[in-house]
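Structure, as structure tokens:
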Amino acid sequence: MEDLTAFLTRLPKVELHVHLESTMPGELLERFAARQGKRLPRPADRLYDCSAEDLSDFLAFLDRICAYVGTPQELAEAAEYAALAAGEENILYSEMILNPTHWPQFTVPEIIAAVTEGFDRGRAAGGADCRFTLSLSRTQTGEEALALERTMEMHRTPRLAGLSVDGNEALSGRTGERFRPAFLAAKAAGFGCTVHAGESSGPEGVRDAVDLLKADRLDHGVRAAEDPNLVERLARERVPLNICLTSNLTLLYRRPEDHPLRRLLAAGAAVTLNRDDPTFLGGLTLTEELRRAAEFASMTRQELIRCQENAVDAAFCGAETKAALREALAEFQRG
Ligand SMILES: [Zn+2]
């Protein structure tokens with residue numbers, strides 16, 4: 001039988017949970033920094049070898065990284081780079097998350113225009129077909145959330161797929177009620193809604209995401225496994241869980257055996273597999289993430305294909321794009 005890595009390299013892949021802020025390699029940022037007369041704090045190839053101090057404040061480090069991107073043209077370049085890198089490992093379609101609070105140097109309309117342009121260029125040059133969601137931070141106010149949603153409606157492009165929320169729920173507490181109006185407005189406007197939950201929050205965060213924010217899918221969602229009734233409900237209602245094994249094993253589960261991936265698959269949950277923060281995870285590729293998941297949870301090749309099909313079902317794109325992705329997977333299986 002074909003070697004697993006060769007199989008996964010050939011497999012047409014779909015990714016739904018990756019942060020654009022975590023796709024910019026040190027070399028790219030070094031080039032941007034030089035234009036501003038700045039230097040990176042470490043050599044480019046060791047930029048992400050974070051000290052314990054950096055990791056203790058991951059979001060602050062992310063802000064420092066994003067500050068090297070000085071112009072909308074450079075943001076477009078970063079988006080183009082991400083689309084091309086995804087295409088190189090046979091990711092056909094990718095939805096990336098971008099949180100405007102990490103980019104205070106740009107207005108939201110500038111961000112939307114630049115990322116759209118970069119993804120268009122990347123696609124035209126043979127990269128992945130990329131879309132993006134704009135993400136709120138859990139610490140923002142309900143008014144700020146509504147303002148972002150309104151801006152998204154006013155500056156909509158075909159590559160702007162939806163509204164998202166991320167950030168530390170353990171610190172911010174339950175914020176479902178606060179963000180509910182913005183998510184309902186986004187849904188009414190035809191945007192997809194995705195919510196980080198069940199990572200820094202437990203089952204209650206997952207319930208709030210589904211019941212209050214009407215999330216179409218969950219980024220992470222793994223801690224739903226702490227409540228078997230909730231897992232059963234998520235599987236029954238086919239709520240997709242965008243799981244990031246390497247990220248979870250780095251940040252969330254001290255003991256690998258506690259990760260519920262196998263249990264969630266066995267329960268029939270609609271699992272997708274994703275990288276979350278590739279540059280912070282040693283330049284992780286999706287191919288490698290899938291290989292690790294396959295080994296970790298003894299996944300069959302059919303299960304790995306099924307995760308790609310789940311991602312197509314959960315993607316915030318039109319029926320035509322989904323049909324083309326399903327056909328690529330069907331053709332792959334026909335060999
Ligand atoms: Zn994430």
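Before moving on, here are some points about what is shown:
- Number of residues in the range 198-226 that are within 15 Å of Phe183 (Cα to Cα), among the hydrophobic types (A, V, I, L, M, F, W, C) and surrounded by fewer than 24 Cβ atoms within 10 Å (Cβ to Cβ): the value is 2.
- Residues that are in a loop (DSSP other than H, G, I, E, B) and among the acidic types (Asp, Glu), drawn from the range 152-210: Glu199
- Some residue of the range 12-26 being part of a helix (DSSP H, G or I) and over 30 Å from Asn310 (Cα atoms): yes
- In the range 27-46, of all residues being touching a residue at least 40 places away in the same chain (Cβ under 8 Å) and over 30 Å from Gln308 (Cβ atoms), the one that is nearest to the chain's Cα centre (by Cα) corresponds to Leu29.
- When residues in the range 289-335 are screened for being aliphatic (A, V, I, L, M) and closer than 15 Å to Arg10 by Cβ, 7 of them pass.
- Spans of helices (runs of 4 or more DSSP H) in the range 220-277 with at least 1 residues more than 16 Å from the ligand (Cβ to nearest atom), over 27 Å from Asp49 (Cα atoms) and touching a residue at least 24 places away in the same chain (Cβ under 8 Å): 228-236, 261-266
- Filtering the range 40-55 to residues that are in a loop (DSSP other than H, G, I, E, B) and either of a type outside the set (Lys, Arg) or modelled with pLDDT of 95 or more (or both) leaves Leu40, Pro41, Pro43, Leu47, Tyr48, Asp49, Cys50, Ser51.
- Counted residues, the range 250-262 - those being under 15 Å from His220 (Cβ atoms) and modelled with pLDDT of 95 or more: 4
- Qualifying residue in the range 25-37 (condition: among the aromatic types (Phe, Trp, Tyr), in contact with a Lys or Arg (Cβ under 8 Å, 6 or more places away or on another chain) and either modelled with pLDDT of 95 or more or crowded, with 21+ Cβ neighbours inside 10 Å (or both)): no
- Residue tally, condition among the β-branched types (Val, Ile, Thr) and buried (at least 21 other Cβ atoms within 10 Å of the Cβ), over the range 240-265: 2
- One residue alone among Gly167, Gly162, Gly176 is surrounded by 15 or more Cβ atoms within 10 Å (Cβ to Cβ), more than 16 Å from the ligand (Cβ to nearest atom) and not aliphatic (A, V, I, L, M), and that residue is Gly176.
- Qualifying residue in the range 267-274 (condition: among the β-branched types (Val, Ile, Thr), over 22 Å from Ala197 (Cα atoms) and modelled with pLDDT of 95 or more): no
- Total residues in the range 294-317 satisfying the condition of being assigned to a helix (DSSP H, G or I), under 27 Å from Gly192 (Cα atoms) and away from the ligand (no atom under 16 Å from the Cβ): the figure is 10.
The values are calculated or read from the model by the stated rules, or taken from the named source; none is laboratory data. The shown structure was predicted, so the numbers you read here are calculated from the model rather than taken from an experiment. Cβ sites come from the backbone with ideal geometry, for glycine too, and all protein chains shown count toward neighbours.
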